[in-house]
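Remarks on the structure that follows.
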Amino acid sequence: MGLLHTLYDELIGFMGLRSLLDIYQTGNYKVLLTLNGLLGAVSPILPLLLVIEIIRAVTYRRFKIEDYRMPFIIFVINRTIGRFLSIAAVAVCIGVFEKYALFKTSFTWYWLIYGYIIWELGHFLYHYWGHTVRLFWCLHATHHMPQSMNLSVSYAHFFLEGAYADVIRTTVCTLAGVNPPLLFFIMFIDGTWGGFIHVGENIIRDGRLGFLNKWILTPSHHRVHHAKNPLYMDTNFCNLLNIWDRVFGTFQYEDANVSIEYGVSRDVNNRNFFDIYFGEFYYLALDVWRAPGILNKIRYIFMPPGWSHTGAHKTAVVVKRAYLESLKQEQPTAPVTTLYETEQ
């Protein structure tokens, strides 16, 4: 009975139903008129969509167990330690940096807009460094290992990535004056939308979401972010508002002529948990061990993935530049797709 009770609690927690069950058991439906009650009512949406996604995949005979196996295993392993590390990181950053805030905000609609723009800046920085600093890529790469897109991918993270991300995002927001209640509300919105944009084609075939594709980051944009195609590498780092991707030139629409290929550029054994979870650390350690001289060893840690002390770089910038140059040579008179291409 103890095992069944534990499994029941885990299932209820995963589905986000605990708050709704508490409301049902107490009969206090007025709590739904409060912010906490509203957030609790919204929590089951993403897990429910994941269940629907799996059911539709089975119904239309598109279900592949390997698309969901590793994200599920990673979720189970990260279930406790990753969550508590993130909570601790947020608490420490608020405690240390709140007294240095530029000014104080309040929980109002206009400060929400301000706070969300600042949050997206913090998210952009964490995400950009997660792709352009080799050590941080080791923390982030697990999330990019899946070779298909579905909602389970949103649960696939290295256990330290959440803490790393929250240190950067929370520090930026706290120093910019975003007060804790407003910050926690923004985190909830970000977490909900950040999960939803991983929705697969079994639920939403065209992830552009109509006119929204020009104004916010949609599932289509995030599918581009998860692609290993040279054109799509290192783009769309924001989560909801694409303002900072546009400012820093990393915004990229999905090109109808470039089919998305998911995953990372190296060969990965997607049946091997250790390759998916620790593989990037292993290859970084090999490069550091083999590199001549202390400076080259340090460079391997902090230079972008693909950097080589020999000069034979295979970074995203180099690969993308070579790809665009090859297009020019093949079709010298045809327009070449760039990061600034207008949506088709």
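The values are calculated or read from the model by the stated rules, or taken from the named source; none is laboratory data. Because the structure is a prediction, the values reported are computed rather than measured. Here the Cβ is made from the backbone with ideal geometry for all residues, glycine too, and neighbour counts use every protein chain on show. Quick note on the areas: whole protein, heavy atoms, side chains included, nothing else; ligands and nucleic acids left out. Shrake-Rupley method; radii C 1.70, N 1.55, O 1.52, S 1.80 Å.
A compact table of results
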{"read-out": "Test: residue in region 261-270 that is part of a loop (DSSP other than H, G, I, E, B), over 30 Å from Glu325 (Cβ atoms) and open to solvent by 30 Å² or more (accessible area, probe 1.4 Å)", "value": "yes"}
{"read-out": "Residue list for region 19-42, restricted to those being in contact (Cβ under 8 Å) with a residue 40 or more places away in the chain and open to solvent by less than 50 Å² (accessible area, probe 1.4 Å)", "value": "Leu39, Val42"}
{"read-out": "Given (1) in contact with a helix residue (DSSP H, G or I) (Cβ under 8 Å, 6 or more places away or on another chain); (2) polar (S, T, N, Q); (3) in a loop (DSSP other than H, G, I, E, B), number of the condition Ser220 does not satisfy", "value": "(3)"}
{"read-out": "Selection within region 107-151 - assigned to a loop (DSSP other than H, G, I, E, B) and under 14 Å from the mean Cα position of the chain (by Cα)", "value": "Met145, Pro146, Met149, Asn150"}
{"read-out": "Where Arg266 falls short, out of the listed (1) out of contact with any helix residue (DSSP H, G or I) (no Cβ under 8 Å at 6 or more places or on another chain); (2) free of Cβ contacts under 8 Å to residues at least 60 places away in the same chain", "value": "(1)"}
{"read-out": "Matching residues, region 159-172, being open to solvent by less than 10 Å² (accessible area, probe 1.4 Å) and either in contact with a Ser or Thr (Cβ under 6 Å, 6 or more places away or on another chain) or over 20 Å from Phe185 (Cβ atoms) (or both)", "value": "Glu161"}
{"read-out": "Pick from region 230-260, criterion assigned to a helix (DSSP H, G or I) and not hydrophobic (A, V, I, L, M, F, W, C), ranking: most open to solvent (accessible area, probe 1.4 Å)", "value": "Arg246"}
{"read-out": "Residue match in region 94-104 (condition: on the phi < 0 side of the Ramachandran plot, surrounded by 21 or more Cβ atoms within 10 Å (Cβ to Cβ) and not charged (D, E, K, R))", "value": "no"}
{"read-out": "Long-range neighbours under 8 Å by Cβ, at least six apart or interchain, first residue under 15 Å from Ala163 (Cβ atoms) and touching a residue at least 24 places away in the same chain (Cβ under 8 Å) within region 89-100, second surrounded by 16 or more Cβ atoms within 10 Å (Cβ to Cβ) and of a type in the set (D, E, K, R)", "value": "Ala89/Asp166; Val90/Asp166; Cys93/Asp166"}
{"read-out": "Failed item in (1) open to solvent by 70 Å² or more (accessible area, probe 1.4 Å); (2) free of Cβ contacts under 8 Å to residues at least 12 places away in the same chain; (3) touching a Phe, Trp or Tyr at 6+ places or on another chain (Cβ under 9 Å), with Ile294 passing the rest", "value": "(3)"}
{"read-out": "Breaking point among (1) within 20 Å of the chain's Cα centre (by Cα); (2) more than 19 Å from Leu212 (Cβ to Cβ); (3) open to solvent by less than 30 Å² (accessible area, probe 1.4 Å), for Tyr300", "value": "(1)"}
{"read-out": "Unique match (being modelled with pLDDT of 95 or more and of a type outside the set (Phe, Trp, Tyr)) among Arg205, Arg271, Arg223", "value": "Arg223"}
{"read-out": "Candidate set: region 35-85, residues that are basic (Lys, Arg) and assigned to a helix (DSSP H, G or I); chosen: the one farthest from Ala141 (Cα to Cα)", "value": "Arg56"}
{"read-out": "Every residue from region 271-291 that is more than 25 Å from the chain's Cα centre (by Cα), surrounded by fewer than 17 Cβ atoms within 10 Å (Cβ to Cβ) and in contact (Cβ under 8 Å) with a residue 12 or more places away in the chain", "value": "Val288"}
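Yes or no, residue by residue, for (1) open to solvent by less than 40 Å² (accessible area, probe 1.4 Å); (2) farther than 30 Å from Val58 by Cα; (3) not in a loop (DSSP other than H, G, I, E, B):
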site: Val153; (1), (2), (3): yes, no, yes
site: His198; (1), (2), (3): yes, no, no
site: Arg205; (1), (2), (3): no, no, no
site: Leu212; (1), (2), (3): no, no, yes
